[in-house]
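Reading through the structure tokens given below for one structure.
The values are calculated or read from the model by the stated rules, or taken from the named source; none is laboratory data. As the structure is a computational prediction, the values presented were derived from the model and not from experiment. Quick reminder, even Gly has a Cβ in these numbers, built from the backbone with ideal geometry, and neighbours come from all protein chains shown. Ligands, DNA and RNA are excluded from the accessible area calculation, which covers all protein heavy atoms including side chains. Shrake-Rupley method; radii C 1.70, N 1.55, O 1.52, S 1.80 Å.
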Amino acid sequence: MEIVKVLFLTQTSALGPSSRYRVYQLLPWLQRLGITGEVSPAIDDALYRSLYLDSGGSRSRSAAFSAAWRRRHADLQRVEDFDAVFVQKGVFPGLYSGFERKIAARKPVVFDFDDAIWLPRIGGSRMLRALHRDSAVQDILRRTAAVIAGNTFLADYAARFNRKITVVPSSIDLAAYRRVANSNVVGWIGSRTTLPYLKPLRPVFETLGIKPRIIASGDPTQLGFETEFRPWRLETEMEELSQIGIGIAPLPDTPWERGKCGVKILQYMACGIPVVASPVGANADIVAHDVNGFLAKSTEEWAAMLRTLIADPGLREQLGAAGRETIEKHFTIQRAAEAVASVLCDVV
């Protein structure tokens, strides 16, 4: 077997969900397929915890930019030691494409992204939104040897600037997820930045008289309704997930959200947890209504779907089993690794 040596440039350490699902969890499987190399995160564990997990965030965004700039300058000095470079979501997506341009001039680059990074991030800082340029993302897409997109919405955009596009959905290592006991606890897993997605469901929770279980970083009091809050930690994630009986994934229907890849739904399904989701972006690709979960648009539909699942343990069991089967057929880590390995070997 010919060995391909790759430098993986990730946005964050394995604590960051995007980097964890798109790169870190694939590495052992890629190695079996002849792909070896090193990972260089722009934001390490300590800085990630400070920015996203610690209460209030003790480090500034400028610290993250400085750290990423220094790390990528160092990476430029060793690009020649590798056969290819895998860039996960970009160094400064939407702001600056200089590092990717320099790397692409020396080695074949595979660019992977799982968000609509050509758009200013909804809820992001005003300064970053003002500085955002979609042309910076387009420049990266044009210069890379191949592009891996997390869903078809992202792939359609990338195809305007690059002909070598492969869709590789985010995947799940089923061995790491155990089936949970059948319960009627309604829960959600997410992050500090995605907590606001829950606000439109306030009347649903109040109508049903439930306090949702929330697994996330951030301040749950911003939601304006009572929750059972559990701070997210990588080491406790599986234990917290095991206490959810019904998983929810609300999303507003905007271009940014259409670029999301539905990882929380995949996590629920891997645990055999029945899902209720908004039919937005990848959510609608993963969830087949009344087959492996429910899709709900309006407040009334959300209330009806949740009320049905809370009252019917047999239906929860049925949909949960169908969800896990969906993962086994379409979203395993093995399938993702094979697809990524094929792209890397092709560009080399």
Problem - Check on residue 110, among the aliphatic types (A, V, I, L, M), assigned to a strand (DSSP E or B) and open to solvent by less than 20 Å² (accessible area, probe 1.4 Å) - result: yes
Practice task
Taking residue 40 as the residue in question, decide whether it is assigned to a helix (DSSP H, G or I), open to solvent by less than 20 Å² (accessible area, probe 1.4 Å), among the hydroxyl-bearing types (Ser, Thr, Tyr) and under 22 Å from residue 147 (Cα atoms).
Solution key: no
Fill in the blank from the handout: Within the range 132-162, residues closer than 13 Å to residue 95 by Cβ and either part of a loop (DSSP other than H, G, I, E, B) or touching a strand residue (DSSP E or B) at 6+ places or on another chain (Cβ under 8 Å) (or both) come out as 132, 133, 136, 140
Fill in the blank from the handout: A careful count of residues in the range 311-341 that are polar (S, T, N, Q) and either in contact with a strand residue (DSSP E or B) (Cβ under 6 Å, 6 or more places away or on another chain) or over 18 Å from residue 285 (Cα atoms) (or both) gives 2
Fill in the blank from the handout: Scanning the range 223-246 residue by residue, those among the aliphatic types (A, V, I, L, M) and not in a strand (DSSP E or B) turn out to be 223, 234, 238, 241, 244
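Only one of 180, 204 is open to solvent by less than 40 Å² (accessible area, probe 1.4 Å), part of a helix (DSSP H, G or I), in contact (Cβ under 8 Å) with a residue 60 or more places away in the chain and not charged (D, E, K, R). Can you tell me which?
Result: 204 is the single residue among 180, 204 that is open to solvent by less than 40 Å² (accessible area, probe 1.4 Å), part of a helix (DSSP H, G or I), in contact (Cβ under 8 Å) with a residue 60 or more places away in the chain and not charged (D, E, K, R).
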Practice task
Only residues that are assigned to a loop (DSSP other than H, G, I, E, B) and in contact with a strand residue (DSSP E or B) (Cβ under 9 Å, 6 or more places away or on another chain): list them for the range 187-201, please.
Solution key: 190, 191, 192, 194
Problem - Residue ID - nearest to residue 183 (Cα to Cα), chosen from residues in the range 245-255 that are surrounded by fewer than 24 Cβ atoms within 10 Å (Cβ to Cβ) and in contact with a helix residue (DSSP H, G or I) (Cβ under 8 Å, 6 or more places away or on another chain) - result: 245
Exercise for the section: Search the range 60-83 for residues being in a loop (DSSP other than H, G, I, E, B) and of a type outside the set (S, T, N, Q), and hand back the single one that is surrounded by the fewest Cβ atoms within 10 Å (Cβ to Cβ). Expected result: 78
Exercise for the section: Considering every residue within the range 118-139, establish whether at least one is at pLDDT below 85, open to solvent by less than 30 Å² (accessible area, probe 1.4 Å), hydrophobic (A, V, I, L, M, F, W, C) and closer than 25 Å to residue 344 by Cα. Expected result: no
Exercise for the section: Please give the number of the condition residue 104 fails out of (1) surrounded by 22 or more Cβ atoms within 10 Å (Cβ to Cβ); (2) under 18 Å from residue 166 (Cβ atoms). Expected result: (1)
Handout entry: Failed item in (1) open to solvent by less than 30 Å² (accessible area, probe 1.4 Å); (2) more than 15 Å from the chain's Cα centre (by Cα); (3) over 24 Å from residue 321 (Cβ atoms), with residue 194 passing the rest
Key = (2)
Fill in the blank from the handout: The correct count of residues that are buried (at least 24 other Cβ atoms within 10 Å of the Cβ), under 20 Å from residue 182 (Cα atoms) and of a type in the set (Gly, Ala, Ser) in the range 256-298 is 3
Exercise for the section: Given the conditions (1) open to solvent by 30 Å² or more (accessible area, probe 1.4 Å); (2) touching a Gly at 6+ places or on another chain (Cβ under 8 Å), report the number of the one that residue 6 does not fulfil. Expected result: (1)
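Can you find even one residue in the range 316-326 that is assigned to a helix (DSSP H, G or I), within 29 Å of residue 109 (Cβ to Cβ), modelled with pLDDT of 95 or more and within 21 Å of the chain's Cα centre (by Cα)?
no
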Exercise for the section: For residue 304, indicate whether it is out of contact with any Leu (no Cβ under 8 Å at 6 or more places or on another chain), surrounded by fewer than 20 Cβ atoms within 10 Å (Cβ to Cβ) and assigned to a helix (DSSP H, G or I). Expected result: yes
Handout entry: Qualifying positions in the range 129-153 - of a type in the set (D, E, K, R) and under 10 Å from residue 100 (Cα atoms)
Key = 139, 143
